[in-house]
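Here is the structure we will look at, set down as structure tokens.
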Amino acid sequence: MESTTSMLDAEAVADLVLLDPLTEESLVQTLQERFRRHDIYTYIGNVVISVNPYQSLPIYTPEKVEEYHNCSFFAVKPHIYAIADDAYRSLRDRDRDQCILITGESGAGKTEASKLVMSYVAAVSSKGEEVNKVKEQLLQSNPVLEGDCHLLSPQPEQLKLRQDCGHYGYLNRESSSLPGMDDAANFHTMQDAMRVIGFSPTEVTELLEVTAVVLKLGNVQLSSSFQASGMEACSITEPQELREICELIGLDPGTLEQALCSRTVKARDETVLTTLTVPQGYYGRDALAKNIYSRLFDWLVNRINTSIQVKSGEQRKVMGVLDIYGFEIFQDNGFEQFIINYCNEKLQQIFILMTLKEEQEEYVREGIQWTPVEFFDNSIICNLIENNTTGILAMLDEECLRPGVVNEDTFITKLNQLLATHKHYESKETQNARHVTDASLTPRCFRIHHYAGKVTYNVTGFIEKNNDLLFRDLSQAMWAARHALLRSLFPEGDPQRVSLKLPPTAGFQFKSSVAMLMKNLYSKNPNYIRCIKPNDTKSAMVFTPELVLAQVRYLGLMENVRVRR
């Protein structure tokens with residue numbers, strides 16, 4: 001190891017393709033040495049590795065923008081501006097739609113990377129009053145989307161993939177507040193950004209009012225009572241919160257209280273009003289808050305996309321910047337982590353297909369002397385989750401729609417029966433069959449061997465979160481409000497549009513969104529930024545080799561280097 005160490009001391013390799021000898025140890029040591037020198041960017045060919053410094057560095061100045069503008073990718077030091085410039089010039093000069101995929105686990109710096117890419121492209125792209133206006137609107141979308149997220153402290157199950165007009169909006173849970181600012185400053189920044197984007201004063205007011213409704217719904221408390229028949233019922237404990245909500249949206253308090261505390265059921269030709277228990281009431285309250293928030297965020301993204309949309313008839317080239325939540329392994333993992341990690345498996349699949357598999361297949365076609373590089377193809381894991389008949393999501397939907405008693409126990413029993421021999425699935429039952437003792441795996445859990453490591457999921461809440469049903473009474477109450485924006489978010493509440501069709505499950509919607517995203521990405525020329533988290537405490541300039549090594553392994557960086565060579 002002495003020769004490697006001396007080499008690194010002399011000059012830490014800027015492109016890992018040139019690293020010799022190539023070992024996991026030398027690769028991590030190179031990243032560490034460059035990180036120590038504040039060189040946070042390293043190449044694998046034209047793939048950028050970005051190690052989060054957790055502090056501001058003076059490497060994003062206008063002079064730096066000029067240094068990288070129209071410059072050969074390898075003629076200057078590794079930088080995120082280099083890949084942004086390369087993608088932009090390919091878009092401009094070769095007329096090729098681009099996508100920049102920014103991946104990494106939570107806390108690795110993906111959001112900051114996406115902002116840097118967008119600000120660079122905005123700085124170097126063509127000028128003109130209309131163009132500058134659109135660029136400024138695009139840049140100002142960040143504080144609006146982040147401000148909305150920060151204000152509401154969303155639960156993970158409210159995360160959804162948003163796609164429209166080539167732009168991607170998402171809910172960011174890593175750094176939802178703007179750096180170095182307090183809440184008041186953040187709020188004013190968000191308001192200024194909305195004005196730049198083109199929101200009218202009425203739209204801003206309505207947006208804030210609907211946001212307030214979500215916050216106030218969380219304060220609505222229910223208490224239990226019993227009717228003369230002995231049936232349990234629930235009622236609003238503090239009517240003041242309810243009255244304030246109804247004043248905001250122009251709705252009779254009695255209408256909202258009835259929608260929160262009872263449910264209309266149709267039996268044959270009769271309509272029966274049944275009372276709800278306190279837990280059922282809270283379920284309805286939370287479902288309403290989540291639906292309002294989710295639909296409001298959709299509206300916000302669509303509204304921004306409308307402002308920055310290219311005029312019809314003009315030539316249109318697309319550069320998509322994808323910054324999406326990273327792979328998650330927590331102490332307790334539920335439905336949210338399951339679908340987030342599924343999305344990351346799909347992104348890893350794209351990376352494998354486009355950088356490892358297809359490149360090697362091209363060498364074979366061209367008759368190049370080639371020693372194949374072994375790599376893990378994660379298609380087997382994607383299929384385990386998304387297969388239309390035997391996938392985990394399909395079985396979850398089947399349980400949600402099945403008549404009779406349905407709970408997580410019947411769900412995991414079905415998983416154990418159908419996936420007993422799958423090498424990337426295990427549970428207490430499958431371990432018992434193999435005479436394996438593992439106290440960390442309880443009967444209500446299953447474990448998936450993901451590309452990034454083993455993750456144990458607790459099925460508690462899977463059925464409820466996948467159903468994510470909103471009682472029709474609540475939709476109708478929202479539609480009955482005199483608040484224009486809120487009313488527009490619940491078109492199904494119109495009594496003339498009543499449908500008996502069950503809404504799609506959360507898992508089905510997410511899977512469909514991921515499929516649309518993959519189709520979109522496959523049609524673009526890909527550029528990759530692989531973000532790495534150097535420590536678990538977000539401490540400035542601290543590098544933990546063991547943590548980085550784990551990310552190097554599951555990101556497939558060694559295989560990537562071998563193929564690029």
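The values are calculated or read from the model by the stated rules, or taken from the named source; none is laboratory data. Fair warning: this is a prediction, and the values are worked out from it, not measured in the lab. Please note: Cβ atoms are built from the backbone with ideal geometry, for glycine as well, and neighbour counts cover all protein chains shown. To get the accessible areas, we keep the full protein, side chains included, count just its heavy atoms, and leave off ligands, DNA and RNA. Shrake-Rupley method; radii C 1.70, N 1.55, O 1.52, S 1.80 Å.
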Query raised in the report: Which members of the stretch 347-376 meet the condition of being within 30 Å of ALA394 (Cβ to Cβ) and open to solvent by 60 Å² or more (accessible area, probe 1.4 Å)?
Result: LYS357, GLU358, PHE376
Query raised in the report: Is it true that ILE49 is hydrophobic (A, V, I, L, M, F, W, C), at pLDDT 95 or above and closer than 28 Å to THR544 by Cα?
Result: yes
Query - Residue satisfying all of: in the stretch 505-561; in a helix (DSSP H, G or I) and in contact with a Cys (Cβ under 6 Å, 6 or more places away or on another chain); surrounded by the most Cβ atoms within 10 Å (Cβ to Cβ) among these - result: VAL514
Query raised in the report: Is it the case that some residue within the stretch 293-303 is in contact with a strand residue (DSSP E or B) (Cβ under 8 Å, 6 or more places away or on another chain), of a type in the set (Phe, Trp, Tyr) and open to solvent by less than 10 Å² (accessible area, probe 1.4 Å)?
Result: yes
Query - Condition check for GLY218: at pLDDT 95 or above and of a type outside the set (D, E, K, R) - result: no
Requested in this report: Determine if the stretch 250-258 includes at least one residue that is in a strand (DSSP E or B) and of a type outside the set (Phe, Trp, Tyr).
Outcome: no
Query raised in the report: Inside the stretch 425-453, can you point out the residues that are touching a residue at least 24 places away in the same chain (Cβ under 8 Å), farther than 22 Å from GLU105 by Cβ and β-branched (Val, Ile, Thr)?
Result: none
Query - Number of the condition not met by GLY147 [criteria: (1) open to solvent by 50 Å² or more (accessible area, probe 1.4 Å); (2) at pLDDT below 90; (3) among the small types (Gly, Ala, Ser)] - result: (1)
Query raised in the report: In the stretch 11-44, how many are open to solvent by less than 10 Å² (accessible area, probe 1.4 Å) and part of a loop (DSSP other than H, G, I, E, B)?
Result: 3
Query raised in the report: Just a yes or no: is a residue in the stretch 223-241 assigned to a helix (DSSP H, G or I), acidic (Asp, Glu) and modelled with pLDDT under 95?
Result: yes
Requested in this report: Only helices (runs of 4 or more DSSP H) wholly contained in the stretch 369-418 count here; list those with 2 or more residues that are of a type outside the set (Asp, Glu), under 22 Å from LYS346 (Cβ atoms) and touching a strand residue (DSSP E or B) at 6+ places or on another chain (Cβ under 7 Å).
Outcome: 379-386
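Being under 21 Å from the mean Cα position of the chain (by Cα) and free of Cβ contacts under 8 Å to residues at least 24 places away in the same chain is true for just one of ASN383, ASN291. Which residue is that?
Unique residue meeting the criteria: ASN383.
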Query raised in the report: Among the residues of the stretch 87-106, is there at least one that is part of a helix (DSSP H, G or I), buried (at least 23 other Cβ atoms within 10 Å of the Cβ) and not hydroxyl-bearing (Ser, Thr, Tyr)?
Result: yes
Report summary line: Only one of (1) open to solvent by 70 Å² or more (accessible area, probe 1.4 Å); (2) touching a residue at least 12 places away in the same chain (Cβ under 8 Å); (3) part of a helix (DSSP H, G or I) does not apply to LEU502, and that is (3)
